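The values are calculated or read from the model by the stated rules, or taken from the named source; none is laboratory data. The shown structure was predicted, so the numbers you read here are calculated from the model rather than taken from an experiment. We place every Cβ from the backbone using ideal geometry, glycine too, and count neighbours over all the protein chains shown.
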Amino acid sequence: MDMLAGKVKMTQQSVNNGMNPTDMLERPIRLHAKDVTVHYGAKQALFGISIDIPDRAVTSFIGPSGCGKSTFLRCINRMNDTIEGAKVRGLIELDGEDIYDPALDVVELRARIGMVFQKPNPFPKSIYENVAYGPKIHGLARSKSDLDEIVVSSLRKAGLFEEVKDRLNEPGTGLSGGQQQRLCIARAIAVGPEVILMDEPCSALDPIATAIIEELIDELRENFTIVIVTHSMQQAARVSQKTAFFHLGKLIEEGVTEDIFTNPVNKQTQDYIMGRIG
Amino acid sequence: MTNISTPTGRQASIERTRRVRDGLRRRHLHEALFKGFGLAAIIAALGFVAILFTDVLIKGIPAFTQANLHLEATFDPAIIDVGPAPVRTAGQSDADFRAASLGWQRDVALLNWNKVVEASLRAAAPAGFEIDSRQILTVAETNARHVLREMFVNDPSLLGQTIKVDLLASANADNWVKGNIDRELGDAQQQLSAPARALIDIFEENGTISMGFAWSIFTNVDSRAAPASAGLAGAFMGSLFMMVIVILLAVPIGVASAIYLEEFAPKSRLTDLIEVNINNLAAVPSIVFGLLGAAVFINYFKLPLSAPLAGGLVLTLMTLPTIIIATRGALQGVSPALRQAALGMGASKTQMVFHHVLPVTFPSILTATIIGVAQALGETAPLLLIGMNAFVASIPATPLDQATALPVQIYLWQANENRNFFEARTSAAILVLLGFMILLNAIAILLRTRLERRA
Ligand SMILES: Nc1ncnc2c1ncn2[C@@H]1O[C@H](COP(=O)(O)OP(=O)(O)OP(=O)(O)O)[C@@H](O)[C@H]1O
Ligand SMILES: [Mg+2]
């Protein structure tokens, strides 16, 4: 147990990855959530979550298993709509626009807020088709060459192009786990979303693939607002500028990543970071 | 926790290993037993299938060859005592000419053509062979006279000529040649008279009778008067029409209902009720669908009795639950990850279904559909209730004409009183039906592997 705490301490040096905390706090707010509660049937999973998510930065959600991180993430692109019996209350705004407004089209929302899942889930189609799918259904490419360009640039941004450029027509499911996850990231950014949600994107990957994705997330931060759920505190410390700690369906503490890891205010946060809640 | 390095710890560890080892023997025994049962079940199943197939093959294959008579028929003017066929004269109206030729044809039909048949048979028999008219005619199939008459109507210039004709030997003669009849039986128990039997033996020796491929099975319709000429063409067409109707109706309706129920319908009491009912429908005996068809399609909608259209509709009703259940099963089997991936990309529900879910389930939907259609094709009971067991002596040209179906034909033939002959014909019909099924399944497998390779 003490060993883990030591590890966290070690990584604390790597916190503050190139962005200074005050700079982060001055960034405009992209997503604003207020008093969000979620019920699955009779069971309440989230209790009044309020949080602001800054533009073009990485925000990480941490917390013990079952505390509601994924649930909250799924509220942001309304994936909870697809779950039988899930009921979301409260306010979530993207650029000041209520995303639960009945007049708003979910399809459009999901084009603006992309998602990467825990287990890589490429379509059982070719690599090219995987990336081209989003632009196709949203009508983003005016010609075949337009589409080609989007596919190539998305694969480049996801750091996958060099590895797959000779086999774009082979099935995406034939790639390694890490490559598949980067393909999913490429697929998400091909639509040009403003926000990318990632639910434990590295939990099914080995350390090297994880490192590559973390580096990628760090690069993507320049153009996208990223929200990432992770179980690895080191990962949260390495990639995120803002961290939110969830426990038992409540948001316990949120703030600049560095502060949360070096100087948590709340006793529960402290315990979790020290490895005492698991 | 016990520490393995202490003496007591080591003892506990030895004890634990011993227990695992004891249990192991029992576990392996269970596994061997289960494997043994499985293997025995497969061997038994294969054995039954093998017995069935050998039986059908042994009985059916001889029916594909048939005894033919090679005769010289003389269109004797003494027997064919009609005037010349009317020729159209100048100034004669259409109606007049048609009336004249119909009158002539009627006259031709009234002649005793059996005399021509008898004469040609006698011509092939050795000189002075003692046999009476009735007996000698039992050697050729009863339709021989129609065949000769048709030839003459089509070509009146045959009058007075002698030409070579191939006629079917009668069913009894066919059986005698094939050795299906016990030669030791007394005259009283024989279907053919002694002179007829002797003549057939002579014909076989001098080459007047020979075995040939039984094209009649494929080209002729059923016949009661002339069993040797009975064929499956009518039943085959009936089945084909029904298959097309089932494919055109049951497949789109079934697949669409399954997609709606599985992907779009809100979960409510009503949809639950529908689901339970569909599952129950699949278990309804097929004869009940026949009753329903008779009540609805025949009595209410006034569709013609014995029509493939009515039969196809009944079989459609019967096949729908199978297709719906199989399609829903396939849709349920699609991993939620794929659905999430599609929805997460901003695909609408319809796009998710048509772009992602259906393509991966298509092969299994196709297989299920073809199996459903094949099942429908083999169905007999409901067709009996809408009159498709009627004796139909013509090939149906449209789905509204009277027809039978392959399985119904099998049912009719196996009940035919001419057991010796129709046992083989029945097995032959079964072989044709099985061949049809195997063809359908082969198409299913081919399409499936094609599509799976493409996906
Ligand atoms: N589809 C669902 N139906 C019912 N309850 C659910 C559903 N999804 C999540 N829950 C419940 O909601 C609570 C929060 O779950 P959630 O998946 O958001 O946790 P999490 O923080 O992501 O956990 P983990 O770190 O293990 O992924 C849990 O108690 C869980 O059992
Ligand atoms: Mg989760």
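Need the failing condition index for A:Thr59 against (1) modelled with pLDDT under 95; (2) within 16 Å of ligand 2 (Cβ to nearest atom); (3) assigned to a strand (DSSP E or B), just the number.
Only one criterion in (1) modelled with pLDDT under 95; (2) within 16 Å of ligand 2 (Cβ to nearest atom); (3) assigned to a strand (DSSP E or B) is unmet by A:Thr59, namely (1).
Consider only pairs whose beta carbons are under 8 Å apart and that are at least six residues apart or on different chains; among these, list those whose first residue lies in segment A:59-88 and is more than 22 Å from A:Met274 (Cβ to Cβ) and away from chain B (no Cβ under 14 Å) and whose second residue is within 13 Å of ligand 2 (Cβ to nearest atom) and of a type in the set (Lys, Arg).
Final answer for the pair search is none.
Got a number for residues in segment B:174-191 being touching a helix residue (DSSP H, G or I) at 6+ places or on another chain (Cβ under 9 Å), free of Cβ contacts under 8 Å to residues at least 12 places away in the same chain and surrounded by 10 or more Cβ atoms within 10 Å (Cβ to Cβ)?
1
Just wondering, is there one or more residues in segment B:177-188 that are part of a helix (DSSP H, G or I) and either in the same structural domain as B:Gly378 (by TED's automatic domain parsing) or at pLDDT 90 or above (or both)?
Within segment B:177-188, the first condition is being part of a helix (DSSP H, G or I), and the residues that meet it are B:177-178, B:187-188.
Those left that are additionally either in the same structural domain as B:Gly378 (by TED's automatic domain parsing) or at pLDDT 90 or above (or both): B:177-178.
Yes.
Can you tell me which condition A:Ser143 does not meet? The list is (1) within 23 Å of A:Pro201 (Cβ to Cβ); (2) away from ligand 1 (no atom under 16 Å from the Cβ); (3) small (Gly, Ala, Ser); (4) surrounded by fewer than 22 Cβ atoms within 10 Å (Cβ to Cβ), and all the others hold.
So A:Ser143 meets the others, but not (1).
Got a sec? Which of B:Gln351, B:Gln375 is within 13 Å of chain A (Cβ to nearest Cβ) and surrounded by fewer than 23 Cβ atoms within 10 Å (Cβ to Cβ)?
Of B:Gln351, B:Gln375, the one residue that is within 13 Å of chain A (Cβ to nearest Cβ) and surrounded by fewer than 23 Cβ atoms within 10 Å (Cβ to Cβ) is B:Gln351.
Could you please find all residues in segment A:235-246 being over 13 Å from the mean Cα position of the chain (by Cα) and within 16 Å of ligand 1 (Cβ to nearest atom)?
Those that are over 13 Å from the mean Cα position of the chain (by Cα) and within 16 Å of ligand 1 (Cβ to nearest atom): A:Phe245, A:Phe246.
Anything in segment A:186-198 that is hydrophobic (A, V, I, L, M, F, W, C), within 12 Å of chain B (Cβ to nearest Cβ) and in contact (Cβ under 8 Å) with a residue 60 or more places away in the chain? List them, or say none.
Listed by number, the residues that qualify are A:Ala188, A:Ile189, A:Val191, A:Ile196, A:Leu197, A:Met198.
Against the definition (more than 17 Å from the chain's Cα centre (by Cα), within 16 Å of ligand 2 (Cβ to nearest atom) and either away from chain B (no Cβ under 14 Å) or under 30 Å from A:Asn169 (Cα atoms) (or both)), how does A:Leu46 come out, yes or no?
Judged against the criteria, A:Leu46 is a match.
Can you name the residue in segment A:183-229 that is away from ligand 1 (no atom under 16 Å from the Cβ) and acidic (Asp, Glu) and is also nearest to A:Arg56 (Cα to Cα) among such residues?
Here the residue is A:Glu222.
What pairs come up if the first residue lies in segment B:335-346 and is at the interface with chain A (Cβ under 7 Å from one of its Cβ atoms), the second is among the small types (Gly, Ala, Ser), and their beta carbons are under 6 Å apart, counting only those six or more places apart or on different chains?
Filtered contacts from segment B:335-346: B:Met345/A:Gly134; B:Gly346/A:Ala111.
Has segment A:167-177 got at least one residue that is exposed (fewer than 15 other Cβ atoms within 10 Å of the Cβ), in contact with a strand residue (DSSP E or B) (Cβ under 8 Å, 6 or more places away or on another chain) and more than 10 Å from chain B (Cβ to nearest Cβ)? Before you say what the answer is, go through the steps one by one.
Of the residues in segment A:167-177, the ones exposed (fewer than 15 other Cβ atoms within 10 Å of the Cβ) are A:167, A:169-170, A:174, A:176-177.
Checking the rest, the ones that are also in contact with a strand residue (DSSP E or B) (Cβ under 8 Å, 6 or more places away or on another chain) come to A:169-170.
If we keep only those that are more than 10 Å from chain B (Cβ to nearest Cβ) too, we end up with A:169-170.
Looking for residues that are exposed (fewer than 15 other Cβ atoms within 10 Å of the Cβ), in contact with a strand residue (DSSP E or B) (Cβ under 8 Å, 6 or more places away or on another chain) and more than 10 Å from chain B (Cβ to nearest Cβ), one finds at least one in segment A:167-177, hence yes.
If I ask for residues that are more than 10 Å from chain B (Cβ to nearest Cβ) and either within 16 Å of ligand 2 (Cβ to nearest atom) or not in a strand (DSSP E or B) (or both), which ones from segment A:89-116 would you list?
Within segment A:89-116, A:Asp95, A:Gly96, A:Ile99, A:Tyr100, A:Asp101, A:Pro102, A:Ala103, A:Leu104 meet the criteria.
Tell me yes or no: at least one residue of segment A:117-127 is part of a loop (DSSP other than H, G, I, E, B), away from chain B (no Cβ under 14 Å) and over 23 Å from the mean Cα position of the chain (by Cα).
no
Taking the conditions exactly as written (closer than 30 Å to A:Val106 by Cβ, away from every other protein chain (no Cβ under 14 Å) and surrounded by 17 or more Cβ atoms within 10 Å (Cβ to Cβ)), does B:Ile430 satisfy them or not?
So B:Ile430 fails the test.
For segment A:38-60: of the residues being near ligand 1 (Cβ under 8 Å from one of its atoms) and closer than 18 Å to A:Leu197 by Cβ, which is surrounded by the fewest Cβ atoms within 10 Å (Cβ to Cβ)?
Going through the qualifying residues, I end up with A:Ala45.
Which condition does B:Gly212 not pass, out of (1) crowded, with 16+ Cβ neighbours inside 10 Å; (2) within 13 Å of B:Ala67 (Cα to Cα), if it passes all the others?
(1)
When the residues of segment A:128-148 are filtered to those that are in contact (Cβ under 8 Å) with a residue 24 or more places away in the chain and in a loop (DSSP other than H, G, I, E, B), which remaining residue is nearest to the other protein chains (Cβ to nearest Cβ)?
Restricting to residues being in contact (Cβ under 8 Å) with a residue 24 or more places away in the chain and in a loop (DSSP other than H, G, I, E, B), the top hit is A:His138.
Identify, from the list B:Ala393, B:Ala405, the residue that is surrounded by fewer than 22 Cβ atoms within 10 Å (Cβ to Cβ) and over 30 Å from A:Ile137 (Cα atoms).
The conditions single out B:Ala393.
When A:Glu163 is evaluated against the numbered criteria (1) away from chain B (no Cβ under 13 Å); (2) buried (at least 18 other Cβ atoms within 10 Å of the Cβ), which criterion, by number, is the only one it fails?
(2)
Which residues, taken from segment A:62-81, are over 15 Å from the mean Cα position of the chain (by Cα), of a type in the set (D, E, K, R) and in a loop (DSSP other than H, G, I, E, B)?
none
Within segment A:65-86, can you find the residues that are within 11 Å of ligand 1 (Cβ to nearest atom) and surrounded by fewer than 17 Cβ atoms within 10 Å (Cβ to Cβ)?
As a first pass, look at segment A:65-86 and keep what is within 11 Å of ligand 1 (Cβ to nearest atom): A:65-75, A:79-80, A:82-86.
Listed by number, the residues that qualify are A:Ser65, A:Gly66, A:Thr82, A:Ile83, A:Glu84, A:Gly85.
So which pairs qualify, if the first residue must be in segment B:101-121 and part of a helix (DSSP H, G or I), the second must be surrounded by 15 or more Cβ atoms within 10 Å (Cβ to Cβ) and of a type in the set (Lys, Arg), the Cβ gap must be under 7 Å, and the two must be at least 6 apart or on different chains?
Matching pairs, first to second residue: B:Val108/B:Arg149; B:Ala109/B:Arg149; B:Asn114/B:Arg145; B:Val117/B:Arg145.
Please state which of the following conditions B:Leu303 fails to meet, knowing it meets all the rest: (1) closer than 26 Å to B:Gln409 by Cα; (2) at pLDDT 90 or above; (3) within 25 Å of the chain's Cα centre (by Cα).
(2)
Working carefully through the options A:Ala204, A:Ala237, A:Ala211, find the one that is at pLDDT below 95, within 16 Å of ligand 2 (Cβ to nearest atom) and not aromatic (Phe, Trp, Tyr).
After ruling out the rest, the residue left standing is A:Ala204.
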